[in-house]
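Chemist: Just dropping this structure here.
The values are calculated or read from the model by the stated rules, or taken from the named source; none is laboratory data. Just so we're clear, the structure is a prediction, and the values are computed from it rather than from any experiment. Please note: Cβ atoms are built from the backbone with ideal geometry, for glycine as well, and neighbour counts cover all protein chains shown. Heavy atoms of the whole protein, side chains included, go into the accessibility calculation; ligands, DNA and RNA do not. Shrake-Rupley method; radii C 1.70, N 1.55, O 1.52, S 1.80 Å.
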Amino acid sequence: MARTYALKRTAPAAPTGRRIDYAAELNPQQCEAVTAGPGPMLVIAGAGSGKTRTLIYRVAYLLENGVAPANILLLTFTNKAAREMQDRVSLLLPASADGLWGGTFHSIGNKILRRHAEVLGWRRGFSIMDREDQEDLMKTVIAAAGIDPKEKRFPKAEVVADIFSMAVNTAKNIGHVVDTKYPYFLDQVEQLKTVHDRYEAKKKSTNTMDFDDLLTKTLKLLTDHDEVAAIYQRQFQFILVDEYQDTNHIQAEFVDVLAAQHQNIMVVGDDAQSIYSWRGADFKNILQFNRRYPAARTYKIETNYRSVPEILHVANAAITANVEQFPKELQAHRETRQVKPALLELNDSNQQAQFVTQRILELRDEGVELNEIAVLYRAHFHALELQIELTRHGVPFAITSGLRFFEQAHIKDVASFLKFAANHHDEVAFKRIVRLLPGVGGVAADKIWAQFEKALEGREAVDSFADAFLHAKVGAKSEKQWKQFVHTLEEIAPGGKLIAPSSAIESVVEAVYDEYAKAKFPNYEIRREELNVLANYARQYADPAEFLTQLALVSSLETESALNTGEEERDSERVTLSSIHQAKGLEWKVVFVIHLTEGSFPSNRSLESPAAIEEERRLFYVAVTRACDELYLTYPYMRLNAGYGDMFQRPSRFLSEVPTELVEKWEIERGF
């Protein structure tokens with residue numbers, strides 16, 4: 001767990017009959033926002049500036065001034081945050097805050113729907129489906145629509161659910177979502193619309209709702225039924241919204257409807273930390289708040305309690321180039337440490353991993369606990385070499401951004417082709433391969449393996465996969481893919497001998513796995529990039545046997561590390577490896593931000609869109625402001641690129657936007 005430094009002090013309960021001294025408890029900027037009069041308010045709270053503290057004291061201020069708890073609505077993005085805020089309010093005041101409505105948008109929506117579901121045609125005791133339930137219902141609907149996924153690659157239920165969810169949360173139609181995010185399914189838009197209509201009808205007939213319904217159906221209830229809306233518009237005299245920059249179209253409209261009568265709405269957030277457009281968040285909600293509420297007053301909270309001045313200088317410079325923003329200047333509450341953030345140019349990803357690992361070991365010797373160190377990156381696969389290097393040196397680490405690289409399904413799927421091509425007796429690898437075929441499960445895989453074993457009798461190896469599988473029986477609808485599988489095995493192991501591992505991986509992905517991954521995974525593009533990284537990594541090995549051995553060793557070390565992370569070791573020291581998206585809201589004494597090159601950070605997909613570049617810049621700002629004491633910015637200037645040879649990389653534009661005097665450029669010999 002990351003250590004938290006900013007504003008951890010818990011205020012003592014105010015004595016009975018005594019009022020809170022807000023001027024003494026808060027800094028001037030916080031106090032001004034907390035004690036403001038009624039009306040719409042926009043609070044721009046910079047990173048580490050005490051945003052939560054401001055919200056808590058605002059609730060306390062309202063209660064002290066006679067507002068009943070039931071007339072206050074506090075909207076957050078996690079139920080845990082809402083509970084913690086209410087608990088801290090209770091510590092501040094002698095009077096009870098019981099009755100205050102606090103929670104996530106979805107939990108508040110659920111609470112309202114439970115009271116009025118019949119108005120929409122649902123029964124009050126409706127069930128809420130989890131993701132697995134939703135996918136099961138989706139499969140039923142797809143089958144009922146006469147769509148046979150085995151005949152033509154139709155998106156899996158999980159992908160269909162993601163398409164529908166994105167359409168809901170961005171207020172776009174299904175065709176637009178498919179065109180912009182899933183273009184390989186454009187020829188199936190009409191079928192997807194049919195499935196969507198049937199899915200909506202099925203939910204009503206089974207009295208179930210999915211997670212998105214808790215917002216969309218609540219908003220429909222309020223906008224279509226004035227008598228219901230009036231109940232809550234009268235009740236919620238004051239509405240407070242946390243992390244407003246992360247709201248989507250539906251959430252912003254939901255808040256606007258509830259605030260329509262009293263207009264006493266306080267939204268708190270930081271436009272410079274709006275980084276979730278990929279999941280539907282609309283950056284314009286916070287930028288255009290004053291347009292929707294012309295009478296709104298704007299307050300800025302810019303005193304940062306987290307980072308030393310040297311880090312904040314870099315953060316302020318990093319965000320300056322963004323055009324669409326509320327200008328702000330973070331001011332440090334902490335004193336200087338006289339240590340500038342470090343900037344390092346490394347030869348390649350391996351040398352970058354070696355430096356980070358060595359520096360972590362040095363920091364540990366200097367008294368910094370591993371729990372106080374984080375390595376942040378733009379995409380999960382950027383940490384591949386680092387995971388291997390940390391494992392080699394016995395440095396424990398925890399990954400908050402997903403499974404370890406070699407544990408992921410798509411990596412293991414593709415690796416299984418190479419394992420089987422190299423060892424024709426590898427039953428586990430073979431069965432994993434054939435289960436990728438449509439309609440082939442465990443029983444069918446057993447039968448196909450038995451047929452292959454019979455063909456293999458008396459033979460140490462296979463010269464021709466086509467001959468060996470001549471008598472294998474697969475279903476008619478799997479036959480085309482099966483022939484491609486066999487052809488691919490022939491291609492990567494002509495004469496039964498595996499070719500260079502990097503080339504083999506590329507062949508498997510292009511000939512077999514790419515089509516499968518598009519239909520299977522909602523985050524196909526990320527997984528495709530990770531498979532490219534696997535091919536790049538394999539370029540280090542000319543000998544297939546050496547590559548597969550290394551793969552097995554690293555995977556085994558990862559598994560051993562995971563098994564050793566039992567309940568008794570949960571609090572043990574571990575370096576945090578995290579995507580920047582998942583690091584938001586956290587902080588560490590020491591932060592490394594790696595792979596700061598054009599195409600990696602900012603990502604390739606963002607380079608053609610000015611708006612996307614601005615979001616990438618905000619992401620860099622978030623990464624920098626996670627650091628309390630020390631910050632290391634690194635980039636490799638050379639990249640191994642499968643099929644194209646070594647490629648030179650340009651440093652990220654974000655580095656050039658930071659004045660050189662704000663960082664200290666380390667030579668590779670220093671501290672390495």
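Chemist: Would you point out which residue out of 70, 33, 23, 47 is small (Gly, Ala, Ser) and in contact with a Gly (Cβ under 9 Å, 6 or more places away or on another chain)?
Modeler: Answer to the selection: 70.
Chemist: Follow-up. How do the pairs read when you match residues in the stretch 490-501 that are among the charged types (D, E, K, R) with residues anywhere that are open to solvent by less than 50 Å² (accessible area, probe 1.4 Å) and assigned to a loop (DSSP other than H, G, I, E, B), using Cβ under 8 Å and keeping only pairs 6 or more apart or on different chains?
Modeler: 490/464
Per-residue answers, yes or no, for (1) among the basic types (Lys, Arg); (2) at pLDDT below 85; (3) part of a loop (DSSP other than H, G, I, E, B); (4) surrounded by 16 or more Cβ atoms within 10 Å (Cβ to Cβ):
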{"position": "438", "(1), (2), (3), (4)": "no, yes, yes, yes"}
{"position": "443", "(1), (2), (3), (4)": "no, yes, no, no"}
{"position": "458", "(1), (2), (3), (4)": "no, yes, yes, no"}
{"position": "462", "(1), (2), (3), (4)": "no, yes, yes, yes"}
{"position": "474", "(1), (2), (3), (4)": "no, yes, yes, yes"}
{"position": "488", "(1), (2), (3), (4)": "no, no, no, yes"}
{"position": "491", "(1), (2), (3), (4)": "no, no, no, yes"}
{"position": "498", "(1), (2), (3), (4)": "no, no, yes, yes"}
{"position": "508", "(1), (2), (3), (4)": "no, no, no, yes"}
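Chemist: Which members of the stretch 310-327 meet the condition of being open to solvent by less than 30 Å² (accessible area, probe 1.4 Å) and not in a helix (DSSP H, G or I)?
Modeler: 322
Chemist: Any residue at all in the stretch 102-118 that is of a type in the set (Asp, Glu), surrounded by 15 or more Cβ atoms within 10 Å (Cβ to Cβ) and not in a loop (DSSP other than H, G, I, E, B)?
Modeler: The answer is no; no qualifying residue exists.
Chemist: Can you tell me which residues in the stretch 587-626 are more than 19 Å from residue 400 (Cα to Cα) and β-branched (Val, Ile, Thr)?
Modeler: Within the stretch 587-626, 597, 613 meet the criteria.
Chemist: Any residue in the stretch 330-353 that is more than 22 Å from residue 655 (Cβ to Cβ) sitting within a Cβ distance under 6 Å of a residue that is open to solvent by 30 Å² or more (accessible area, probe 1.4 Å) and outside any loop (DSSP other than H, G, I, E, B)? List the pairs, counting only those 6 or more apart or interchain.
Modeler: 331/303; 333/303
Chemist: Looking only at the stretch 388-410, how many residues end up being modelled with pLDDT of 90 or more and open to solvent by less than 30 Å² (accessible area, probe 1.4 Å)?
Modeler: The qualifying residues number 5.
Chemist: I need the full set of residues from the stretch 512-525 which are surrounded by 17 or more Cβ atoms within 10 Å (Cβ to Cβ) and closer than 18 Å to residue 437 by Cβ, in order please. Can you show your working first?
Modeler: The first filter runs over the stretch 512-525 and keeps only residues surrounded by 17 or more Cβ atoms within 10 Å (Cβ to Cβ), leaving 512-513, 516-522, 524.
Those that are surrounded by 17 or more Cβ atoms within 10 Å (Cβ to Cβ) and closer than 18 Å to residue 437 by Cβ: 512, 513, 516, 517, 518, 519, 520, 521.
Chemist: Now for a separate question. Would you confirm, using the coordinates I've provided, whether residue 229 is of a type outside the set (Phe, Trp, Tyr), over 33 Å from the mean Cα position of the chain (by Cα) and surrounded by fewer than 22 Cβ atoms within 10 Å (Cβ to Cβ)? Show your work before the answer.
Modeler: Working: of a type outside the set (Phe, Trp, Tyr): yes; over 33 Å from the mean Cα position of the chain (by Cα): yes; surrounded by fewer than 22 Cβ atoms within 10 Å (Cβ to Cβ): yes.
Against the criterion (of a type outside the set (Phe, Trp, Tyr), over 33 Å from the mean Cα position of the chain (by Cα) and surrounded by fewer than 22 Cβ atoms within 10 Å (Cβ to Cβ)), residue 229 qualifies.
Chemist: Which of (1) touching a helix residue (DSSP H, G or I) at 6+ places or on another chain (Cβ under 9 Å); (2) assigned to a helix (DSSP H, G or I) is the odd one out, the single condition residue 230 does not satisfy?
Modeler: Condition (1) is where residue 230 drops out.
Chemist: Something else now. Pick out, from the stretch 236-309, the helices (runs of 4 or more DSSP H) lying fully within it that include 2 or more residues that are within 23 Å of residue 180 (Cα to Cα).
Modeler: Passing ranges, in order: 249-258, 284-287.
Chemist: Does residue 275 qualify as being modelled with pLDDT of 95 or more, open to solvent by less than 20 Å² (accessible area, probe 1.4 Å), of a type outside the set (Phe, Trp, Tyr) and touching a helix residue (DSSP H, G or I) at 6+ places or on another chain (Cβ under 8 Å)? Walk me through how you get there before you give the answer.
Modeler: On the way: modelled with pLDDT of 95 or more: no; open to solvent by less than 20 Å² (accessible area, probe 1.4 Å): yes; of a type outside the set (Phe, Trp, Tyr): yes; touching a helix residue (DSSP H, G or I) at 6+ places or on another chain (Cβ under 8 Å): yes.
No: the conditions fail for residue 275.
Chemist: Is it true that some residue in the stretch 583-605 is at negative phi, of a type in the set (S, T, N, Q), assigned to a helix (DSSP H, G or I) and open to solvent by less than 30 Å² (accessible area, probe 1.4 Å)?
Modeler: Within the stretch 583-605, none of the residues are at negative phi, of a type in the set (S, T, N, Q), assigned to a helix (DSSP H, G or I) and open to solvent by less than 30 Å² (accessible area, probe 1.4 Å).
Chemist: Would you check which residues across the stretch 185-206 are of a type outside the set (A, V, I, L, M) and touching a Pro at 6+ places or on another chain (Cβ under 9 Å) and list them?
Modeler: The first filter runs over the stretch 185-206 and keeps only residues of a type outside the set (A, V, I, L, M), leaving 185, 187-188, 190-191, 193-194, 196-200, 202-206.
Across the stretch 185-206, the qualifying residues are 185, 188.
Chemist: As an exercise: evaluate residue 343 against (1) assigned to a strand (DSSP E or B); (2) open to solvent by less than 20 Å² (accessible area, probe 1.4 Å) and give the number of the one condition it does not meet.
Modeler: Among (1) assigned to a strand (DSSP E or B); (2) open to solvent by less than 20 Å² (accessible area, probe 1.4 Å), the lone unmet condition for residue 343 is (2).
Chemist: Those residues that are over 19 Å from residue 222 (Cα atoms) and either surrounded by fewer than 21 Cβ atoms within 10 Å (Cβ to Cβ) or without any contact (Cβ under 8 Å) to a residue 12 or more places away in the chain (or both), I need them from the stretch 71-85; list them, please.
Modeler: Of everything in the stretch 71-85, those that are over 19 Å from residue 222 (Cα atoms) and either surrounded by fewer than 21 Cβ atoms within 10 Å (Cβ to Cβ) or without any contact (Cβ under 8 Å) to a residue 12 or more places away in the chain (or both) turn out to be 77, 78, 79, 80, 81, 83, 84.
Chemist: Here's a follow-up. Are there any pairs, at least 6 apart or on different chains, whose C-beta atoms fall under 8 Å, with the first in the stretch 538-550 and closer than 18 Å to residue 509 by Cα and charged (D, E, K, R) and the second surrounded by 12 or more Cβ atoms within 10 Å (Cβ to Cβ) and modelled with pLDDT of 85 or more, and if so, which?
Modeler: As it stands, the answer is 539/502, since those pairs meet every condition given.
Chemist: Name, by its number, the condition in (1) touching a helix residue (DSSP H, G or I) at 6+ places or on another chain (Cβ under 9 Å); (2) at pLDDT below 95 that does not hold for residue 80.
Modeler: (1)
Chemist: Those residues that are within 24 Å of residue 46 (Cβ to Cβ) and either at pLDDT below 95 or open to solvent by 70 Å² or more (accessible area, probe 1.4 Å) (or both), I need them from the stretch 616-672; list them, please.
Modeler: Matches in the stretch 616-672: 653, 656, 661.
Chemist: State which residue pairs qualify: first residue closer than 14 Å to residue 101 by Cα and inside the stretch 234-253, second residue among the hydroxyl-bearing types (Ser, Thr, Tyr) in any location, beta carbons under 7 Å apart, and separation of 6 or more residues or different chains.
Modeler: 242/76
Chemist: Here is a further query. Of the conditions (1) crowded, with 19+ Cβ neighbours inside 10 Å; (2) at pLDDT below 85, residue 153 fails just one. Which one is it?
Modeler: (1)
Chemist: Looking at the stretch 185-195, can you tell me whether even one residue there is farther than 30 Å from residue 482 by Cα and over 26 Å from the mean Cα position of the chain (by Cα)?
Modeler: Yes, the conditions are met somewhere in the stretch 185-195.
Chemist: Follow-up question, since we're still on this one. Against the condition at pLDDT below 95, within 26 Å of the chain's Cα centre (by Cα) and either in a helix (DSSP H, G or I) or within 15 Å of residue 522 (Cα to Cα) (or both), how does residue 140 come out, does it pass?
Modeler: no
Chemist: Now, a different point. Identify, please: which residue in the stretch 196-209 is more than 29 Å from the chain's Cα centre (by Cα) and in contact (Cβ under 8 Å) with a residue 12 or more places away in the chain and is, among those, most open to solvent (accessible area, probe 1.4 Å)?
Modeler: For the stretch 196-209, the residue satisfying everything is 198.
Chemist: Here's something else I'd like to know. Taking the condition over 25 Å from residue 408 (Cα atoms), surrounded by fewer than 24 Cβ atoms within 10 Å (Cβ to Cβ) and out of contact with any Lys or Arg (no Cβ under 9 Å at 6 or more places or on another chain), does residue 361 pass?
Modeler: Details: over 25 Å from residue 408 (Cα atoms): yes; surrounded by fewer than 24 Cβ atoms within 10 Å (Cβ to Cβ): yes; out of contact with any Lys or Arg (no Cβ under 9 Å at 6 or more places or on another chain): yes.
Spelling it out, residue 361 is indeed over 25 Å from residue 408 (Cα atoms), surrounded by fewer than 24 Cβ atoms within 10 Å (Cβ to Cβ) and out of contact with any Lys or Arg (no Cβ under 9 Å at 6 or more places or on another chain).
Chemist: Given the structure, is residue 56 part of a helix (DSSP H, G or I), buried (at least 21 other Cβ atoms within 10 Å of the Cβ) and in contact with a strand residue (DSSP E or B) (Cβ under 9 Å, 6 or more places away or on another chain)?
Modeler: no
Chemist: Regarding the stretch 526-540, can at least one residue be identified that is buried (at least 18 other Cβ atoms within 10 Å of the Cβ), basic (Lys, Arg) and modelled with pLDDT under 90?
Modeler: yes
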